[in-house]
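The values are calculated or read from the model by the stated rules, or taken from the named source; none is laboratory data. Every value quoted in this text rests on a predicted model; they were computed, and no experiment measured them. When we count neighbours, we look across all protein chains shown, and the Cβ atoms used for this are built from the backbone with ideal geometry, even at glycine. Note: accessible area is taken over every heavy atom of the protein model, side chains too, but ligands, DNA and RNA are not part of it. Shrake-Rupley method; radii C 1.70, N 1.55, O 1.52, S 1.80 Å.
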Amino acid sequence: TYANKANIRRYLGTATQTADYILDTAFADWTVNHRGRGVAYLALQFELDEEVYKIGKPDVTCIVKGRKVYDPRLGNDPTNPSFIIYSANPALCLADYLLSASLGLGETSTRIDWDSVIAAANICDELVTIPGSTTQKRYTCNAVLYVAISDEERRANIETLAGGMMGHVFYRGGKWRMYAGAASNSRFDLTADDLAGKFALRT
């Protein structure tokens, strides 16, 4: 039905992609320099045919997987392609945002506390029981972020990603540290011997 009536070309935003040849041919303002490196997009072309498109140009929807991110649980090298995978894990997405020079803060890997990233990522991946006698991962990240052009917008993006795991992230002792929201065991017992004065109890 759509043979020669629709042309859909997909670009994934790779570092080596070239400009779309049909757009380059069809529009004078679109040149070989419009490569969209780092930008995923579709180039769509439809041939007007009242039999094929009886109600006009079709609406196009897509199921999109996001950016690939480094998973420190696979290995200790953020530049190794084998350790960079697609993941909806909020902790890994947040760490990637901290690392990314083009989209995020552009931090170096030595300024990230990877032990805290691993601990948060594991909490996010824990399977929890949901109604219907089945399980799902505790937290997943399914947000769309706009490229920040100010520190305030970068801060908002960081808070969005941290919020995706009911957690928080902060910079302390020369490193970024993150925590995912989950119940934990008590670290110590608090008794009457720890009190400095009178106390009141409200139930």
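Of note:
- For the condition polar (S, T, N, Q) and open to solvent by less than 70 Å² (accessible area, probe 1.4 Å), N142 does not qualify.
- Selection within the range 84-102 - within 11 Å of the chain's Cα centre (by Cα) and open to solvent by 40 Å² or more (accessible area, probe 1.4 Å): Y86
- Scope the range 35-83; condition modelled with pLDDT of 95 or more, surrounded by 15 or more Cβ atoms within 10 Å (Cβ to Cβ) and not in a loop (DSSP other than H, G, I, E, B); matching residues: V69, Y70, F83
- When residues of the range 149-168 are limited to those that are assigned to a loop (DSSP other than H, G, I, E, B) and in contact (Cβ under 8 Å) with a residue 12 or more places away in the chain, the one surrounded by the most Cβ atoms within 10 Å (Cβ to Cβ): M165
- So S116, is it among the small types (G, A, S) and free of Cβ contacts under 8 Å to residues at least 12 places away in the same chain: no
- K137 being modelled with pLDDT of 95 or more and open to solvent by 70 Å² or more (accessible area, probe 1.4 Å): yes
- Candidates are the residues of the range 4-20 that are more than 20 Å from C62 (Cα to Cα) and at pLDDT below 90; the one that is least open to solvent (accessible area, probe 1.4 Å) is A15.
- Annotation for the range 174-191: no member residue is open to solvent by less than 80 Å² (accessible area, probe 1.4 Å) and assigned to a helix (DSSP H, G or I).
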